[in-house]
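Take a look at the structure set out below.
What follows is calculated from the coordinates using simple rules that are stated; it is not laboratory data. This one's a predicted model, so the numbers in the text were calculated from it and none came from an experiment. All Cβ positions, glycine included, derive from the backbone under ideal geometry; neighbour counts span all protein chains shown.
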Amino acid sequence: MFIGYYELEGKKHFDIYFYSNYEESGYKLWFEETFSPNTKNIKILDFKIHGKNYQERKNSLEELAKDWENNFAFLSWTYRELAEIQDYFYKNGKKYGLLQEFKENAIIW
């Protein structure tokens, strides 16, 4: 899953895109939507956790949460989208021992 944000002709566009094979994926939709030369301020938040060991993956998740909080949390999400994001951070926060930190920083409720 990744979040894509861009501006086109003065309007802000953002959505959650999901991975699957290319033909059905969010990548194809994302490329179609941002192909215009008038597209500006393109940002992507990829929800993949990177790292070779536990500590690197934990740090990667912390950085992902900070990026979410600083750049994307302010957008107008639907309840379904917020639930998916909350679920993602809850499951991974539990896995990497970050639930308390995420609750204190309002990443999860």
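Summary of computed values
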{"read-out": "Cα convex hull volume per residue for the chain (Å³)", "value": "113 Å³"}
{"read-out": "Dipole magnitude of the chain, debye to nearest 20 (Cβ charges: Lys/Arg +1, Asp/Glu -1, about Cα centre)", "value": "320 debye"}
{"read-out": "On Cα atoms only, tilt of 79-95 relative to the major axis of the chain in degrees", "value": "40 degrees"}
{"read-out": "Cα→Cβ-extended label distance, 7 Å offset, between residue 69 and residue 34, nm", "value": "2.5 nm"}
{"read-out": "Theoretical FRET efficiency, 1/(1+(r/R0)^6), r = Cβ-Cβ of residue 53 and residue 13, R0 25 Å, to 0.05", "value": "0.10"}
{"read-out": "The chain, relative contact order [Cα under 8 Å, separation at least 6], %", "value": "21 percent"}
{"read-out": "Projected-area mean, region 1-46, by convex hull of Cα positions, square nanometres", "value": "2.9 nm²"}
{"read-out": "Ranked packing of 69-80, 2-13, most packed first, by mean Cβ within 10 Å", "value": "2-13, 69-80"}
{"read-out": "Extended-chain gain in nm, criterion 0.36 nm per residue less alpha-carbon gap, residue 101 and residue 44", "value": "18.1 nm"}
